[in-house]
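For reference, the structure discussed in these notes is given below.
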Amino acid sequence: MNGLPMTVPAPGLPARVRIHEVGARDGLQNEKSAVPTEVKAEFIHRLAAAGLTTVEATSFVHPKWVPQLADAEALFPQLADLDGVALPVLVPNERGLDRALALGAGRIAVFGSATETFAARNLNRTVAESLAMFEPVVARAKQEKAHVRGYLSMCFGDPWEGPVPVHQVVRVAKSLLDLGCDELSLGDTIGVATPGHVQELLGSLNEAGVGTDRIGVHFHDTYGQALSNTLAALQHGVTTVDASAGGLGGCPYAKSATGNLATEDLVWMLDGLGIETGVDLAALTATSVWMAEQLGRPSPSRTVRALSHKE
């Protein structure tokens, strides 16, 4: 858009950021009604065409729990032509892993909780029981040469328990990595993090032996802090950022969780900082406008709204 945003690099930031796009999974799982499989497939193809190289495709959770993603077996084969695009899928247990591996999935993710209350509500288990459930899943995935991501929810605050002690998050994070996860995504599930808190948690993880290169961040924008928190993470050296095209999504088990950080808002900031992403912002914006039309409501992304109203 007429050379905007102007590129003005800031010191101490990474040269390139990998965006882990979650709109097709985390974004759509919270929709009140199921999106047609063909629309999901088109959405993912458009995201890939816009330059996103990691697009989380779906979830192999039992349809009873996430009916919006009950079409995983029908959707995943429709993405077979996306060469060079990583297509992670969520698996809750060994049955989910069986389903994913049967379709040739090469990247899987498990999702844990840093707090007991959310573990009980989301996984119907204690934190320790959930880690025990993940152990054979991760072990077998690694045997099958799959890349494994560990999501950790409620890293910065919990709607039932309030503030979450940093040492508690570090303990569960290390446990996930000790199972064999290749990378860890720190989730601000209800969007209550602030930049100092982000840097404190990242520093504490480093002190516990967790390298920044194994950490991604996943911020929700409930209090308008997602971009500032992302910048704090970048300043610490994080180079993997989760985001959702058009700002889609929330968490069906945490009612105070509003939408994810919008990918377009993230790319606008990164473009202005001169940080490479490989993403074409105009194409991505057009994709989110298209998806908003499929869902019958405007995108919450400020960048999508600003760019889509330009002549």
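The values are calculated or read from the model by the stated rules, or taken from the named source; none is laboratory data. Values in this document were obtained by computation on a predicted structure and should not be read as measured data. Here the Cβ positions follow ideal geometry from the backbone for every residue, glycine too, while neighbour counts run over all protein chains shown. Note: accessible area is taken over every heavy atom of the protein model, side chains too, but ligands, DNA and RNA are not part of it. Shrake-Rupley method; radii C 1.70, N 1.55, O 1.52, S 1.80 Å.
Across segment 110-131, the number of residues qualifying as within 17 Å of Gly157 (Cβ to Cβ), at pLDDT below 95 and touching a Ser or Thr at 6+ places or on another chain (Cβ under 8 Å) comes to 1.
Condition check: modelled with pLDDT of 95 or more, open to solvent by 10 Å² or more (accessible area, probe 1.4 Å) and either under 30 Å from Ala34 (Cβ atoms) or in a loop (DSSP other than H, G, I, E, B) (or both). Does Val217 satisfy that? In short, no. Is it fair to say Gly211 is among the small types (Gly, Ala, Ser), free of Cβ contacts under 8 Å to residues at least 60 places away in the same chain and surrounded by fewer than 22 Cβ atoms within 10 Å (Cβ to Cβ)? Yes, satisfied. Please determine whether any residue of segment 48-64 is within 21 Å of Leu295 (Cα to Cα), part of a helix (DSSP H, G or I) and open to solvent by less than 10 Å² (accessible area, probe 1.4 Å). No, segment 48-64 contains no residue that is within 21 Å of Leu295 (Cα to Cα), part of a helix (DSSP H, G or I) and open to solvent by less than 10 Å² (accessible area, probe 1.4 Å). The set of residues in segment 163-180 that are out of contact with any helix residue (DSSP H, G or I) (no Cβ under 6 Å at 6 or more places or on another chain) and farther than 16 Å from Ala119 by Cβ comprises Pro163, His167, Lys174, Leu177, Asp178. Residues in segment 19-40 that are within 11 Å of Asp71 (Cα to Cα) and among the aliphatic types (A, V, I, L, M) were compared, and the one that is surrounded by the most Cβ atoms within 10 Å (Cβ to Cβ) is Val35.
Okay, residues lined up against (1) open to solvent by 50 Å² or more (accessible area, probe 1.4 Å); (2) modelled with pLDDT of 95 or more:
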| residue | (1), (2) |
| --- | --- |
| Gly259 | no, no |
| Ala262 | no, yes |
| Glu276 | yes, yes |
| Ala283 | no, yes |
| Ala292 | no, no |
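Each residue in segment 65-76 was checked for being part of a loop (DSSP other than H, G, I, E, B) and open to solvent by 30 Å² or more (accessible area, probe 1.4 Å), and 2 of them qualify. Under the condition of being of a type in the set (A, V, I, L, M, F, W, C), at pLDDT below 90 and open to solvent by 10 Å² or more (accessible area, probe 1.4 Å), the residues counted in segment 246-256 number 1.
Within segment 155-188, if we keep just the residues that are in contact (Cβ under 8 Å) with a residue 60 or more places away in the chain and open to solvent by less than 10 Å² (accessible area, probe 1.4 Å), the residue that is farthest from the chain's Cα centre (by Cα) turns out to be Val172.
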